[in-house]
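Asker: Take a look at this one; I'll ask things after.
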Amino acid sequence: MNKVIFTFLLLTNIVFSQQKNRIETYHYGQSGMELIAKSKKEMVIISTHNAKMNIREEIARKVYDLYAENKLVNNTKIIIAGNHANVTGKCVIRKKDNLIAVDFYYEIVEWENGLTEVYSNHVS
């Protein structure tokens, strides 16, 4: 009986120890316009850079929502909480007349499975 309990505890420990957070770098991401919102007063273009394909539209929508609520500050880092990942990035806002360009640059993507991806433009 003691051997069974010991084996069970050992196997449980091994299984859970392999689920530790991993940190990886990525060098290629999607860049481009994701969202265009037009009103009578202005047109807002949301662009993402170095984005992960499967979350880029959701994150762009959340960036726009923050802009619409006046919660974005130019040239600052922010964390966007998505359904499957939290994204840390830099937000740059450019204005010219009634055109506003909001560029969001992905820096860190923290996935719900424990994987953390850090963008690096240096290819090894």
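Asker: Looking at the range 6-16, can you tell me whether even one residue there is hydroxyl-bearing (Ser, Thr, Tyr), farther than 23 Å from ASN70 by Cβ, at pLDDT below 95 and open to solvent by less than 100 Å² (accessible area, probe 1.4 Å)? Let's see the steps before the verdict.
Answerer: Kept after step one, since they are hydroxyl-bearing (Ser, Thr, Tyr), are these residues of the range 6-16: 7, 12.
Now narrow it down to the ones that are farther than 23 Å from ASN70 by Cβ: 7, 12.
Checking the rest, the ones that are also at pLDDT below 95 come to 7, 12.
Subsequent filtering for residues that are open to solvent by less than 100 Å² (accessible area, probe 1.4 Å) retains 7, 12.
Yes, the range 6-16 has at least one match.
Asker: Also, quick follow-up: With the condition being open to solvent by less than 80 Å² (accessible area, probe 1.4 Å) and over 28 Å from HIS122 (Cβ atoms), I'd like the strands (runs of 3 or more DSSP E) fully within the range 19-100 carrying at least 2 qualifying residues. Steps first, answer last, please.
Answerer: Working: elements: 22-26, 30-38, 43-51, 76-81, 85-96.
Passing ranges, in order: 30-38, 43-51.
Asker: Let me ask another. Taking the range 54-105 only, how many residues are hydroxyl-bearing (Ser, Thr, Tyr) and out of contact with any Cys (no Cβ under 9 Å at 6 or more places or on another chain)?
Answerer: Step one: list which residues in the range 54-105 are hydroxyl-bearing (Ser, Thr, Tyr), which gives 64, 67, 76, 88, 105.
Subsequent filtering for residues that are out of contact with any Cys (no Cβ under 9 Å at 6 or more places or on another chain) retains 64, 88.
Result for the range 54-105: 2.
Asker: Whether any residue in the range 39-49 is basic (Lys, Arg) and modelled with pLDDT of 95 or more is what I want to check.
Answerer: As a first pass, look at the range 39-49 and keep what is basic (Lys, Arg): 40-41.
With modelled with pLDDT of 95 or more added as a condition, the list becomes none.
Among the residues of the range 39-49, not one is basic (Lys, Arg) and modelled with pLDDT of 95 or more, which makes the answer no.
Asker: Within the range 101-124, can you find the residues that are open to solvent by less than 60 Å² (accessible area, probe 1.4 Å), among the charged types (D, E, K, R) and out of contact with any Gly (no Cβ under 7 Å at 6 or more places or on another chain)?
Answerer: Result: ASP103, GLU117.
Asker: Now, a different point. Tell me which residues, restricted to the range 101-114, are assigned to a strand (DSSP E or B) and within 12 Å of the chain's Cα centre (by Cα).
Answerer: From the range 101-114, those assigned to a strand (DSSP E or B) are 101-111; that's our starting set.
Answer for the range 101-114, where residues must be assigned to a strand (DSSP E or B) and within 12 Å of the chain's Cα centre (by Cα): PHE104, TYR105, TYR106, GLU107, ILE108, VAL109, GLU110, TRP111.
The values are calculated or read from the model by the stated rules, or taken from the named source; none is laboratory data. Everything quoted here is computed from the prediction, not taken from an experiment. Positions of Cβ are generated from backbone atoms using ideal geometry, with glycine treated the same way; all protein chains shown enter the neighbour counts. The accessibility values were calculated without ligands, DNA or RNA, using every heavy atom of the protein model including side chains. Shrake-Rupley method; radii C 1.70, N 1.55, O 1.52, S 1.80 Å.
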